[in-house]
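Working notes, beginning with the structure itself.
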Amino acid sequence: MRRCLYGMIMLMLVLCMGGCQKNQTYFNDSEESKTKETPDTGDAQAASKGAFQTADGEVHDELLEYLKRAKASKNKLVWIVSTPISGAWYDGELLAKFNEKLRKEKNLELELCYLPDDEDKYGQRLQELLEKGYGDLCFSGEAQQWKTSFQDQKALVENGLVHDLGDMAGSKEERMIRDAFDEEEWNGVKESEGTFFLPTQVFFAHRAYVAFSKKYIPQEKAGQFDGKLDSLLGYVDKKAEKELGRNTIVWNMSYYDTLSSLGICQLEGVWYSHETGEAAPAFSSDKWYSVFRMLHDCWERDIMFRRIQWDSVSTELANKQIAKNEFAIAVFANDSLLDSVGDTAMVYEMPYYFSETGAGHTAVVEQSEKKQQVYSLLSTLLGDSSYANLFILGEKGKDYTIKDGYAYDAEDEIPIGAHVAKSTFGISDMVHNAIGEEFGKDVKKGKKAYFSSKNCRISALNGFRPNLGSVSNISDEKYLGIWKEKDFEKQYKAVREKFAQKQKKDIEILNRQVREWKKTR
């Protein structure tokens, strides 16, 4: 592939920075590097100090020098982002092409400032630059590092470094930005002090489906399904079991999507109720136990598809099995499979819960003197598919192609996955989807259907971001396979007791936080 990305068409400098002093100042105008050569992805000096990518796609390690140049220009906008360990710089050729179009049609140029995200120091580095008055847009921090990212976002607000978007309804561009998101998305990013971050267009609860094959399960019987996942075994008869064996029940839904279907939200090993917001120890839910009990029974009877991957949205083998319609019951969270199942099965859509509880958002820098230009850029990316697709996927026909409504890499003809770029820049609704991503072939239409569905629930946690500073992160994921064990009952009881004991203090702390947060809503 010309650029190995498309799981990450964006950025990412491989980090090789050494340890830092705890209170070190990272950006000092007098200590700026004078190196004129473009660094490669292994350059430790560039990794430790960050780097700057100009509108022509060239990468430089004289970070402050280029930030000053951009600040002095009326038409150059700087977007500050992190550089997690995942690849290379944003493709320079593509950035140059994007800027050529942007310059010609909007009289703007976009440049990128990269800050290393090692040792959880991204927030500190970002604050230092914003305090110096640099940057026009910024990414608040990696959503995967919730313990620090929640704190980093809060610090940006408390220190007055990001702009309140709450009254953003004056210009045409501002109204377009407001209209790009559902009202519940905006509710999910509200702080008690105001609205400082754009909703993230990527992280949604997947819609989960249960498909009952018309060949093996009478429609009348399937129509009686009430959404209780632990009851699925009761729909299997001897004919299906004999003819399908391990393909009788194909379970292709991740741990998180299964929890969500039960009304549970998992944050850093703690389970919260989507209905009440109350925190509880992992494995404490009777609903979860019942699902595990059912899975255990299916496993023992050898009527369950053997490849279950709890830590991902889906597995390719299970996708293919469902697409071939060789199952009695299929449980999945992949919108694109609906087309494959078609009329061969009766499909039940499970309730799902929308909750903007994540970190990793885009903000407008408070000290930027180019806010109207920033609004022009954002409204363009959020409302014009030609810009959004060019920025995220590249040139149609050269970088990507469209097959059956989905985006594929043009060279290798494999499905594109641009999750890193979409989440880092917060852009997805106008971008062609890859198979397996939310909302199917038409993201905008699919998203509208998502919020208007009778099965859409707004979580009691929508907008809650816990302070995890004093909370221990105890992994619950390593116990996800105990339902396969012969002594399942004994192991489940032990795991439940373990989490009840180890998370007792954490649950008390977090429930106090939930109660205090609710008072601000």
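Worth pointing out:
- Yes/no for S376 being farther than 30 Å from R521 by Cβ, assigned to a helix (DSSP H, G or I) and in contact with an Asp or Glu (Cβ under 6 Å, 6 or more places away or on another chain): yes
- Residues being among the charged types (D, E, K, R), over 30 Å from W299 (Cβ atoms) and surrounded by fewer than 15 Cβ atoms within 10 Å (Cβ to Cβ) - total across the stretch 445-491: 3
- Residue match in the stretch 177-193 (condition: buried (at least 22 other Cβ atoms within 10 Å of the Cβ) and of a type in the set (F, W, Y)): no
- S261 fulfils the conditions (1) among the small types (G, A, S); (2) more than 18 Å from E326 (Cα to Cα); (3) at pLDDT 95 or above except for a single criterion, (3).
- Pair list, Cβ < 6 Å and 6+ apart or interchain, from the stretch 285-302 residues that are within 22 Å of H274 (Cβ to Cβ) to residues that are of a type in the set (D, E): S290/D230; V291/D230; M294/D230
- A search for C-beta distances below 6 Å between a residue of the stretch 321-337 that is closer than 23 Å to Y352 by Cα and β-branched (V, I, T) and any residue that is at pLDDT below 90 and not in a strand (DSSP E or B), counting only pairs 6+ apart in sequence or on different chains, returns I322/L337; V331/M253.
- From the list N334, N325, the one residue that fits, being buried (at least 22 other Cβ atoms within 10 Å of the Cβ) and assigned to a loop (DSSP other than H, G, I, E, B), is N334.
- So A279, is it over 30 Å from the mean Cα position of the chain (by Cα) and at pLDDT 95 or above: no
- Residues that are in contact (Cβ under 8 Å) with a residue 60 or more places away in the chain, under 21 Å from L338 (Cα atoms) and either touching an Asp or Glu at 6+ places or on another chain (Cβ under 6 Å) or not in a loop (DSSP other than H, G, I, E, B) (or both) within the stretch 213-240 comprise S213, Q219, A222, L229, L232, Y235, listed in sequence order.
- Residue within the stretch 431-446 that is farther than 26 Å from N252 by Cβ and either over 19 Å from the mean Cα position of the chain (by Cα) or modelled with pLDDT of 90 or more (or both) present: no
- The single condition from (1) part of a loop (DSSP other than H, G, I, E, B); (2) touching a residue at least 24 places away in the same chain (Cβ under 8 Å); (3) over 30 Å from A407 (Cβ atoms); (4) charged (D, E, K, R) that E438 fails is (3).
- Just one of the listed residues (S385, S459, S475) is at pLDDT 90 or above and within 30 Å of W288 (Cα to Cα), namely S459.
- Some residue of the stretch 260-276 being surrounded by fewer than 18 Cβ atoms within 10 Å (Cβ to Cβ) and either free of Cβ contacts under 8 Å to residues at least 24 places away in the same chain or aromatic (F, W, Y) (or both): no
- In the set (1) assigned to a loop (DSSP other than H, G, I, E, B); (2) closer than 18 Å to V341 by Cα; (3) under 35 Å from the mean Cα position of the chain (by Cα); (4) of a type outside the set (F, W, Y), the condition left unmet by V210 is number (1).
Rundown of residues vs (1) out of contact with any Ser or Thr (no Cβ under 7 Å at 6 or more places or on another chain); (2) modelled with pLDDT under 95, yes/no style:
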{"site": "H296", "(1), (2)": "yes, yes"}
{"site": "I308", "(1), (2)": "yes, yes"}
{"site": "S312", "(1), (2)": "no, yes"}
{"site": "S340", "(1), (2)": "yes, yes"}
{"site": "H361", "(1), (2)": "no, yes"}
{"site": "S368", "(1), (2)": "yes, no"}
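- Per the conditions (1) modelled with pLDDT of 95 or more; (2) within 16 Å of F391 (Cβ to Cβ); (3) assigned to a helix (DSSP H, G or I); (4) among the aliphatic types (A, V, I, L, M), the sole criterion not satisfied by L94 is (1).
- Scan of the stretch 121-131 for residues that are touching a residue at least 60 places away in the same chain (Cβ under 8 Å) and more than 19 Å from V374 (Cα to Cα), ordered by number: K121, Q124, R125, E128
Every residue, every condition in (1) outside the structural domain of L262 (by TED's automatic domain parsing); (2) under 30 Å from E131 (Cβ atoms); (3) in contact with a helix residue (DSSP H, G or I) (Cβ under 8 Å, 6 or more places away or on another chain), yes or no:
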{"position": "T362", "(1), (2), (3)": "yes, yes, yes"}
{"position": "S379", "(1), (2), (3)": "yes, yes, yes"}
{"position": "D409", "(1), (2), (3)": "yes, no, no"}
{"position": "K445", "(1), (2), (3)": "yes, no, no"}
{"position": "F451", "(1), (2), (3)": "yes, no, yes"}
{"position": "G463", "(1), (2), (3)": "yes, yes, yes"}
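- Residue count for the stretch 133-183 satisfying the condition of being in a loop (DSSP other than H, G, I, E, B), among the charged types (D, E, K, R) and modelled with pLDDT under 90: 2.
- Residues of the stretch 263-278 that are touching a helix residue (DSSP H, G or I) at 6+ places or on another chain (Cβ under 8 Å), in a strand (DSSP E or B) and farther than 18 Å from V495 by Cβ: C265, L267, Y272.
- Meets criteria (in contact with a helix residue (DSSP H, G or I) (Cβ under 8 Å, 6 or more places away or on another chain), of a type in the set (K, R) and touching a residue at least 24 places away in the same chain (Cβ under 8 Å)) for K484: yes
- Taking the stretch 441-468 as the range and being in a loop (DSSP other than H, G, I, E, B) and of a type in the set (K, R) as the test, the residues that pass are K441, K454, R465.
The values are calculated or read from the model by the stated rules, or taken from the named source; none is laboratory data. Computed from a prediction, not measured in an experiment: that's the story for all the values here. Note: ideal-geometry Cβ built from the backbone for every residue, glycine included; neighbour counts use all protein chains shown.
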